[in-house]
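Asks: The structure that follows is given in the form of structure tokens.
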Amino acid sequence: MTQPVSPPRDDTPKLSSKAEPAPWRAVVARADVRTLSLLGVLAVLILIGGITKPDEFLDTRNLQLVLTQASVIGVVTVGMTFVIISGGIDLSVGAIVALASVWATTVATQDYGFVGVLFTAVLVGVGCGLVNGVLIAYGAMVPFIATLAMLASARGLALQITDGNTQVVTIDGILDLGERDSYILGVPPLVLMFAVVTIIGWLVLNRTTFGRRTVAVGGNAEATRLAGIDVRRQRLYLYLLSGLCCGIAAFMLIILSGSGQNTNGNLYELDAIAAAIIGGTLLSGGRGTIVGSVLGVLIFTTITNIFALNNLQSDVQQIAKGAIIVAAVLVQRRTANTT
Amino acid sequence: MKQYTQQYTKQHTQQYVKHPAQHRPARPEGLALRKGTTAMPELTSRRGLLFGTAAVSAGVLLAGCTSNESDDEPASNDQPAADDKKGKQVTIGFAGPQADHGWLNAINDNAKSRAKKYEDVTLEITEGSNDTAAQIGQIETLINKKVDVLVILPADGKALTQVGLKAMRAGIPVVNLDRIFNSPQAYRCYIGGDNFGMGLNAGHYIGEQLKDKKNAKVIELAGLDNLELTKQRTAGFDAALKNYPNIKKVARQAAEFTVESGQAKMSQLLQAQSSFDALWNHDDDQGVGALRAIEQAGRDDFIMVGGAGALSAMQAIESDNSVLKATVLYPPTMAASAIDLARALGQGKGVSGLAEFEIPSSLTLYSAVVDKENVKTYLPTGFK
């Protein structure tokens with residue numbers, strides 16, 4: 001794996017190089033080194049894709065495809081990043097996406113048209129998040145257990161609603177959003193939604209009190225409480241936020257697949273956690289970035305894309321995915337240590 | 001066909017009457033379920049019987065000649081009707097995987113509605129589970145309840161062989177549905193679909209369609225790669241394509257039987273292959289997503305063949321307004337047939353339409369190709 005941040009080229013010993021960094025480092029210093037290393041990984045992947053399949057990979061349609069495939073899981077990951085930064089975990093995201101997508105596509109809901117579907121998807125997501133949040137914040141349940149319970153029940157409820165059937169969407173307004181005709185200046189609406197969620201997520205985390213409180217709770221909950229911040233309410237809001245993201249993602253998935261199925265969102269929780277971890281979010285909380293998480297998602301989607309274009313089978317894909325998680329984390333750690 | 005059936009019937013009846021080990025009365029005429037034969041697994045070791053299209057069309061395995069009049073009546077009917085007369089009460093235990101998609105759901109529905117049809121059948125159905133350990137537990141509970149016959153659709157055939165053996169040792173005949181156990185000792189009767197044949201028939205259908213096309217390109221959207229059935233389907237597909245030297249399979253990707261994965265993998269395949277002539281998709285459930293991806297990419301330069309036989313796919317074939325031109329069946333009616341077999345086993349009877357006294361030890365269903373020509377016939381078997 002190529003490292004984007006190579007060791008300094010001067011021949012002075014390492015100690016002095018630390019004291020007197022190379023000039024280009026000053027520029028980089030303000031940016032997160034981890035983020036840069038992720039960009040490096042992504043650049044390497046793009047290089048591999050471009051060399052192996054120049055015609056198919058380096059193509060506007062392929063870029064649209066990769067970004068579209070990243071958008072649904074990307075929105076889920078943004079919510080997950082907040083939760084993980086606060087020291088929690090949300091294992092129920094995939095199940096909530098499934099439940100919201102099937103609830104929003106029942107015949108009864110579809111009677112209410114576009115707005116009905118959107119409203120239901122978001123409401124179900126927020127509702128599940130509320131249950132998670134109340135159990136964790138006020139019921140003093142461990143997030144792992146509370147969201148695991150939600151995972152089971154939401155999946156069960158989704159199965160009960162669909163009875164195992166695929167619920168096809170018949171509303172043109174929704175289906176059209178997934179079609180090529182509705183691309184805005186070449187940008188698919190789903191990608192646009194993903195971008196909006198990402199930007200809002202970034203602003204909330206970096207530019208608001210809510211964001212700073214999130215980091216504080218994850219860093220040291222007790223100290224935060226002593227500083228006069230209502231930690232419990234903060235936790236409640238965070239799981240609500242994650243649920244909201246799941247609801248939006250469910251609506252996007254309905255647009256993408258034109259249907260609701262109880263198998264939707266399968267293993268999203270692991271994909272979202274993996275993307276956040278690769279993106280430099282600490283599982284123990286207190287640190288993490290939205291940009292990193294989004295890059296993590298893009299890395300995963302790009303890998304899948306390159307493998308599919310090269311007609312490699314899913315066993316190879318899985319092996320490579322595992323290897324890349326390890327490699328990305330190792331690269332990050334090394335680059336972080338050399339700063 | 002009629003003549004053949006008669007001949008076959010006569011020969012075999014005689015053979016059986018002469019058989020020294022079995023002092024049976026001459027075969028009663030035309031009874032759908034024959035009394036006097038007990039479920040003795042050791043008597044019927046003949047396996048690998050392959051049945052024709054008729055078996056599939058409506059689960060006609062036990063199809064119904066219910067008259068007592070004459071042997072000359074061919075044992076075929078449009079409606080699957082075994083002997084509806086009330087017989088000995090039979091409690092059938094049914095254990096399947098979690099019905100989380102259309103086909104498995106149709107399996108459960110077929111089993112339930114078939115059992116309801118018979119007054120003399122009580123169905124003990126367990127909550128489906130994809131977890132091997134959980135399913136073993138459920139089957140053991142059914143064994144302890146001393147059900148008369150077990151119908152098992154294992155989440156994983158190999159992993160559940162032991163519990164099948166256990167049931168058989170406890171004297172409970174097992175009807176192994178679709179995913180086969182490792183050992184023939186673990187079941188009295190196996191009934192299931194033909195995954196290899198499914199791929200084979202899909203390949204032949206595509207082969208015939210592209211017969212006159214030079215350098216034809218075919219792609220495959222497979223199902224879950226960690227299931228053996230996916231490998232078998234692919235093997236059958238490849239075997240069929242070998243007969244057509246002008247056709248080359250240029251790409252294969254595995255989805256996960258879900259709409260979402262079908263959409264994702266299909267859109268990648270479409271990006272990878274700027275032009276091709278035919279696509280075989282293993283499963284109509286993921287096909288919903290695949291069709292969505294095809295529509296989104298605005299492609300219509302190829303023909304698509306589906307798999308399993310979902311209602312939505314058959315409707316699309318009927319209306320003939322998409323790339324989907326055919327689907328290869330994997331009939332969920334096999335669950336209804338399994339209930340029929342279990343009931344016959346429990347009552348110690350045979351099945352109609354065959355000369356055999358005993359229920360065969362293995363039944364493999366035929367994967368018919370449904371296209372615009374015959375879709376009307378199969379539409380009622382399509383599952384949601």
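Asks: Can you tell me which residues in region A:167-212 are basic (Lys, Arg) and either within 14 Å of chain B (Cβ to nearest Cβ) or surrounded by 12 or more Cβ atoms within 10 Å (Cβ to Cβ) (or both)? Talk me through it step by step, then tell me what you get.
Replies: Initial filter on region A:167-212 (basic (Lys, Arg)): A:180, A:207, A:212.
Correct list: A:ARG180, A:ARG212.
Asks: Then there's this: Looking only at residues in region A:217-256 that are over 16 Å from A:ALA137 (Cα atoms), without any contact (Cβ under 8 Å) to a residue 24 or more places away in the chain and in a helix (DSSP H, G or I), which one is farthest from the other protein chains (Cβ to nearest Cβ)?
Replies: A:LEU226
Asks: Further question: Here is a list of conditions, (1) on the phi > 0 side of the Ramachandran plot; (2) touching an Asp or Glu at 6+ places or on another chain (Cβ under 8 Å); (3) within 14 Å of chain B (Cβ to nearest Cβ), and A:GLN261 meets all of them except one; can you say which number that is?
Replies: Of the numbered conditions (1) on the phi > 0 side of the Ramachandran plot; (2) touching an Asp or Glu at 6+ places or on another chain (Cβ under 8 Å); (3) within 14 Å of chain B (Cβ to nearest Cβ), the odd one out for A:GLN261 is (1).
To keep it simple, each residue is scored yes or no on (1) surrounded by fewer than 16 Cβ atoms within 10 Å (Cβ to Cβ); (2) more than 11 Å from chain A (Cβ to nearest Cβ); (3) under 19 Å from the mean Cα position of the chain (by Cα).
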site: B:TRP103; (1), (2), (3): no, no, yes
site: B:ASN108; (1), (2), (3): no, no, yes
site: B:TYR118; (1), (2), (3): no, yes, no
site: B:ILE125; (1), (2), (3): no, yes, no
site: B:GLN135; (1), (2), (3): no, yes, no
site: B:LYS145; (1), (2), (3): yes, yes, no
site: B:LEU150; (1), (2), (3): no, yes, yes
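Asks: Can you tell me which condition B:ARG252 does not meet? The list is (1) in a strand (DSSP E or B); (2) facing another protein chain (nearest Cβ under 10 Å); (3) touching a Lys or Arg at 6+ places or on another chain (Cβ under 9 Å), and all the others hold.
Replies: Exception for B:ARG252: condition (3).
Asks: Looking at A:ALA70, A:ALA108, A:ALA100, A:ALA95 in this structure, which one is in a helix (DSSP H, G or I) and under 26 Å from A:THR302 (Cβ atoms)?
Replies: On the way: A:ALA108 fails: under 26 Å from A:THR302 (Cβ atoms); A:ALA100 fails: under 26 Å from A:THR302 (Cβ atoms); A:ALA95 fails: under 26 Å from A:THR302 (Cβ atoms).
That would be A:ALA70, the only listed residue that is in a helix (DSSP H, G or I) and under 26 Å from A:THR302 (Cβ atoms).
Asks: Taking the stated definitions as given, is B:SER274 surrounded by fewer than 24 Cβ atoms within 10 Å (Cβ to Cβ), assigned by TED's automatic domain parsing to the domain that holds B:THR364 and either of a type in the set (A, V, I, L, M) or more than 18 Å from B:VAL369 (Cβ to Cβ) (or both)?
Replies: no
Asks: Among the residues of region B:229-271, write down those that are free of Cβ contacts under 8 Å to residues at least 24 places away in the same chain and within 27 Å of the chain's Cα centre (by Cα).
Replies: B:LYS231, B:LYS242, listed by residue number.
Asks: Considering A:THR60, A:THR35, A:THR52, which residue is away from chain B (no Cβ under 14 Å) and of a type in the set (Ser, Thr, Tyr)?
Replies: From the options A:THR60, A:THR35, A:THR52, the qualifying one is A:THR35.
Asks: Next up: Here are A:GLY88, A:GLY127: which of them is modelled with pLDDT of 95 or more and either acidic (Asp, Glu) or touching a Pro at 6+ places or on another chain (Cβ under 6 Å) (or both)?
Replies: Just one listed residue meets the conditions, A:GLY88.
Asks: Can you tell me which condition B:ALA240 does not meet? The list is (1) part of a helix (DSSP H, G or I); (2) touching a helix residue (DSSP H, G or I) at 6+ places or on another chain (Cβ under 7 Å); (3) under 15 Å from B:ASP283 (Cβ atoms), and all the others hold.
Replies: (3)
Asks: Here's something else I'd like to know. Got at least one residue in region B:148-163 being assigned to a loop (DSSP other than H, G, I, E, B) and either touching a strand residue (DSSP E or B) at 6+ places or on another chain (Cβ under 7 Å) or farther than 30 Å from B:MET266 by Cβ (or both)?
Replies: Yes, some residue in region B:148-163 is assigned to a loop (DSSP other than H, G, I, E, B) and either touching a strand residue (DSSP E or B) at 6+ places or on another chain (Cβ under 7 Å) or farther than 30 Å from B:MET266 by Cβ (or both).
Asks: If B:ASN226 passes every condition in (1) surrounded by 22 or more Cβ atoms within 10 Å (Cβ to Cβ); (2) within 12 Å of chain A (Cβ to nearest Cβ); (3) within 26 Å of the chain's Cα centre (by Cα) but one, which one does it miss?
Replies: All conditions pass for B:ASN226, except number (1).
Asks: Going by what's in this entry, would B:MET198 be described as part of a helix (DSSP H, G or I), in contact (Cβ under 8 Å) with a residue 60 or more places away in the chain and touching a His at 6+ places or on another chain (Cβ under 9 Å)?
Replies: When the stated conditions are applied, B:MET198 passes them.
Asks: Further, regarding this structure: Looking at (1) surrounded by fewer than 24 Cβ atoms within 10 Å (Cβ to Cβ); (2) of a type outside the set (A, V, I, L, M, F, W, C); (3) more than 19 Å from B:THR381 (Cα to Cα); (4) free of Cβ contacts under 8 Å to residues at least 60 places away in the same chain, which one does B:SER319 not meet, given that it meets all the others?
Replies: Status for B:SER319: all satisfied but (3).
Asks: Determine if region B:61-82 includes at least one residue that is within 14 Å of chain A (Cβ to nearest Cβ) and either modelled with pLDDT of 80 or more or assigned to a helix (DSSP H, G or I) (or both).
Replies: no
Asks: Now a separate question. Under the condition of being assigned to a loop (DSSP other than H, G, I, E, B) and free of Cβ contacts under 8 Å to residues at least 40 places away in the same chain, which residue from region A:282-323 is nearest to the other protein chains (Cβ to nearest Cβ)?
Replies: Among them, the one singled out is A:ASN311.
Asks: Among the residues of region B:334-356, write down those that are assigned to a loop (DSSP other than H, G, I, E, B) and either within 18 Å of B:VAL174 (Cα to Cα) or basic (Lys, Arg) (or both).
Replies: B:GLY348, B:LYS349, B:GLY350, B:VAL351
Asks: Is it the case that B:GLY203 is in contact with a Ser or Thr (Cβ under 7 Å, 6 or more places away or on another chain), in contact (Cβ under 8 Å) with a residue 24 or more places away in the chain and within 30 Å of B:ALA251 (Cα to Cα)?
Replies: Taking the combined requirement at face value, the residue does not satisfy it.
Asks: Here is a further query. How many of the residues in region B:259-301 are facing another protein chain (nearest Cβ under 7 Å) and in contact with an Asp or Glu (Cβ under 7 Å, 6 or more places away or on another chain)?
Replies: Matching residues across region B:259-301 total 5.
Asks: (1) touching a Lys or Arg at 6+ places or on another chain (Cβ under 6 Å); (2) outside any loop (DSSP other than H, G, I, E, B): which one isn't true of B:ASN182, the others all being true?
Replies: In the conditions (1) touching a Lys or Arg at 6+ places or on another chain (Cβ under 6 Å); (2) outside any loop (DSSP other than H, G, I, E, B), B:ASN182 misses (2) alone.
Asks: For B:ASP285, only one of the following conditions fails: (1) under 18 Å from the mean Cα position of the chain (by Cα); (2) in a loop (DSSP other than H, G, I, E, B). What is its number?
Replies: So the condition that B:ASP285 fails would be (2).
Asks: Answer yes if at least one residue in region A:268-280 is of a type outside the set (A, V, I, L, M), farther than 22 Å from A:ASN62 by Cβ, within 14 Å of chain B (Cβ to nearest Cβ) and out of contact with any Pro (no Cβ under 9 Å at 6 or more places or on another chain), and no otherwise.
Replies: yes
Asks: For residues that are assigned to a helix (DSSP H, G or I) and in contact (Cβ under 8 Å) with a residue 40 or more places away in the chain, tally how many sit in region B:110-135.
Replies: Residues in region B:110-135 being assigned to a helix (DSSP H, G or I) and in contact (Cβ under 8 Å) with a residue 40 or more places away in the chain: 6 in total.
Asks: Given the structure, is A:ILE299 of a type outside the set (Phe, Trp, Tyr), surrounded by fewer than 17 Cβ atoms within 10 Å (Cβ to Cβ) and either closer than 22 Å to B:ALA254 by Cα or touching a helix residue (DSSP H, G or I) at 6+ places or on another chain (Cβ under 6 Å) (or both)? So that I can check it myself, show each step before the final result.
Replies: Details: of a type outside the set (Phe, Trp, Tyr): yes; surrounded by fewer than 17 Cβ atoms within 10 Å (Cβ to Cβ): no; either closer than 22 Å to B:ALA254 by Cα or touching a helix residue (DSSP H, G or I) at 6+ places or on another chain (Cβ under 6 Å) (or both): yes.
The answer is no for A:ILE299.
The values are calculated or read from the model by the stated rules, or taken from the named source; none is laboratory data. Small disclaimer: the values here were computed from a predicted structure and weren't measured. Neighbour counts run over all protein chains shown; Cβ positions are idealised from the backbone, glycine included.
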